[in-house]
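Notes to accompany the following structure.
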């Protein structure tokens, strides 16, 4: 590869990485989510406890759906996946839908693979992350494999700012 080609590859790689950082930053700094989180009387961890009736929680997040706050937990049980919606005010399961196709299924399979290597559950990882950042609350937790080790990415909300921390699951 000559210098010109190498330079072009570096510029393209840099541009792609900046573009993806912007997307992540916009998702993390969603003003609607920040504003609606004040309505949540249930913690992410309490939502995972409620959803555990439907299977092992493999990810969880507060999100804005059609302008309304929603607490969504993906679960796995007997090789099947579900999205469990938990009422963010009461902590009760309000809806469970099977995950059978598309990006949601791919994400569920990836999360299950990460959790297969975990010795700690997602609730404990979220508890630990919140405990290390005074005044924060967990907004999402997603497992992944990094170098063969299970880790959880925990997004915290502290005031008006989001912060993502990694917690080992081993």
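Given the condition in a strand (DSSP E or B), touching a strand residue (DSSP E or B) at 6+ places or on another chain (Cβ under 6 Å) and farther than 12 Å from residue 58 by Cα, answer yes or no: does some residue in segment 129-137 qualify? Spell out how you get there, then give the answer.
Taking segment 129-137 as the starting set, the residues that turn out to be in a strand (DSSP E or B) are 137.
Okay, now just the ones that are also touching a strand residue (DSSP E or B) at 6+ places or on another chain (Cβ under 6 Å), so 137.
After this cut, where a residue has to be farther than 12 Å from residue 58 by Cα as well, the list is 137.
There is at least one residue in segment 129-137 that is in a strand (DSSP E or B), touching a strand residue (DSSP E or B) at 6+ places or on another chain (Cβ under 6 Å) and farther than 12 Å from residue 58 by Cα.
Filter segment 122-148 for residues that are surrounded by fewer than 20 Cβ atoms within 10 Å (Cβ to Cβ) and touching a residue at least 40 places away in the same chain (Cβ under 8 Å) and give the result.
So the first thing to find is which residues in segment 122-148 are surrounded by fewer than 20 Cβ atoms within 10 Å (Cβ to Cβ), and the list is 124, 127-128, 131-135, 137, 144-148.
Across segment 122-148, the qualifying residues are 127, 137.
For segment 36-77, enumerate the residues that are within 21 Å of residue 99 (Cβ to Cβ), in contact (Cβ under 8 Å) with a residue 24 or more places away in the chain and outside any strand (DSSP E or B).
Matches in segment 36-77: 44, 47, 48, 49, 50, 51, 53, 54, 55.
Which of the residues spanning segment 139-151 are within 17 Å of residue 109 (Cβ to Cβ) and within 13 Å of the chain's Cα centre (by Cα)?
The answer is 142, 143, 144.
Looking at segment 91-121, which of its residues are surrounded by 12 or more Cβ atoms within 10 Å (Cβ to Cβ) and part of a loop (DSSP other than H, G, I, E, B)?
Within segment 91-121, 91, 117, 118, 120, 121 meet the criteria.
Read-outs: derived from the displayed coordinates by stated rules, not from any lab. Bear in mind that the values here come from a model prediction, so they are computed numbers and not experimental data. Glycine gets a Cβ as well: all are built from the backbone with ideal geometry, and neighbour counts include every protein chain shown.
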